[in-house]
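What follows is a set of notes on a single structure, which appears directly below.
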């Protein structure tokens, strides 16, 4: 039952990505990127990483993409569409792609011999589920980083307001 | 699935918890304070920091204690670092009280962001795991980005903030990538766990893995950016010059103290078995920083920028102490405590000296006149002998001449390097230190030998009692550390207990 869905999502990811880099209209490209993220989160679900799937949609499709769209809308898109687009980065992009492919091959060829793969034994279909297991370590073993992260976010929030507020001199 | 709540000794983290309570109290109190009375928030933060300093001090001598599932450690090293950081924070707040009004950024959030940065530093000082260390570093960095660009109406300050933010975010990325690779190789982020894996059965194979070398390079580069070692220093002169002077002073002492402490903890505890690799990288960074920092400082006309370059060189001296801690016998590393204690004492000496030097810049600052160029100090030494004397003492200490704190600090650093047979490092350090005397004494010469031009405004010092009190304390401390360093050297030695 899983296999057809896996192919569906994979074809979706590849197709949407290719369409994304070939569109002239940036808005279309951004929306296709959202589509890619949705398909990717489907793959995560199949791999038993429900939490990652939800985070993928919330953070990437939700948060980061909205930011992208906002900044795109600040530019004049209709003018950009009519311009011939060039960036002279083809060679650089190909080199990066080859490097990334090498990296993936390197990791896959070693399989699970990396110690990090062994330290948490959550496989597909494991009980408790991915989300529950994550929650239980987050609030027990990883309590300290969790609390520090909350202070970090508060600092970032106040800092952003201080810098971006139109006037602080009431 | 039953969830077992681990046993957490909250009292060990009393300083951090108290600091978060203080931050929240300042944020809330700030809402009920009128625009004219924002200095009250500074005074409030100052008293809170003083109390927290004593809370931190009470942790001294209790041995190595960990809590929060090993993410947090309290030992003498972390206590020493925390007390010095809190002292630097107290001085910075006092330096800022009048200055914030002059530069028109006297908002409650200024003190809140300082306290947030301090929280990050305290977490770094106690970080016993790459995750908690990294989160502390980020809290500190994000607060610093905001503080650097806090003079919002000044384009220089905004530019400094943006540059610092972009380079800092890039550095965090490098560091995080290095941490991720280490996690991939060892399966843990705990410093002790990494050391155990690298020292275990497969340790030699993991240590020789090219990915490990890449991870170490990335981590060293991340630290290099954060501490502005040459060649990762490009952001520092602009950020330090554009930032409010009080924040420049704060960053040059407190941020460096916390990051160096974290650097020592990460490398000495987690990576002793690959010490040969990272020690070589750090050696190179130390030499480049000492040489380039000092030579670039010569060409500066802005005193603030000159002190910024000199802080690069001083970071190089500190790194020399870190490098000189490792001694290699038959390819096996032995850590000698002299290097670490020299680093800690030097950071303490540099704290009082550099805060004082930037405090002198604040002393000259007025609404219409920043006074941070070397020219602005023409003839000040003769017209105002006390101010001239104070600045002279700080410059003596920065140049490493007796009878000041900087002299004792450098003596220990070079002593550590020579004792552990890093002769080249010591020679380069001493030579570059001689170069530094040239540009420090150029300012002294301008102060005493030159007369003030007609076009220059009359020198009028700030009369804020808090600022004057801090400067007197810092002058006395600089001399005291130089003449009676005994107790502080003992403290620096004692802070290694249980560390290496």
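Quick note: the coordinates plus some simple rules give every number you see, no bench work behind them. Computed from a prediction, not measured in an experiment: that's the story for all the values here. Glycine gets a Cβ as well: all are built from the backbone with ideal geometry, and neighbour counts include every protein chain shown.
A compact table of results
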quantity: For the stretch A:1-85: rounded, prolate or oblate by the Cα gyration tensor [a/c cutoff 1.5]; calculated: oblate
quantity: Residue mean of other protein chain beta carbons inside 10 Å, B:102-113; calculated: 2
quantity: Per-residue [θ]222 nm for chain B (sum of -39500 (n - 2.57) over DSSP H runs n ≥ 4, rounded to 500); calculated: -23500 deg cm²/dmol
quantity: Neighbour-count order for A:28, A:87, fewest beta carbons within 10 angstrom listed first; calculated: A:87, A:28
quantity: Tilt relative to chain B, helix B:210-227 - C-alpha long axis, 0 to 90 degrees, to 10; calculated: 20 degrees
quantity: Relative exposure of B:452, B:378, B:65, judged by other C-beta atoms within 10 Å (fewest first); calculated: B:65, B:452, B:378
quantity: Per-residue average of Cβ from other chains inside 10 Å of B:145-158; calculated: 2
quantity: For residues of A:135-145, the mean tally of beta carbons on other chains within 10 Å; calculated: 6
quantity: Residue B:177-residue B:451 FRET efficiency (beta carbon distance; Förster radius 51 Å; 0.05 resolution); calculated: 0.35
quantity: Chain B: angle of helix B:14-31 to the longest principal axis, Cα-based, in degrees nearest 10; calculated: 40 degrees
quantity: Sorted by Cβ neighbour density within 10 Å, fewest at the top, the residues A:1, B:360; calculated: A:1, B:360
quantity: In degrees, nearest ten, helix B:108-126 long axis to first principal axis of chain B (Cα); calculated: 30 degrees
quantity: Spin-label model distance (nm) - residue B:441 vs residue B:9, 7 Å beyond Cα toward Cβ; calculated: 5.2 nm
quantity: Estimated FRET transfer efficiency (residue A:110, residue A:87; beta-carbon r; R0 30 Å; 0.05); calculated: 0.30
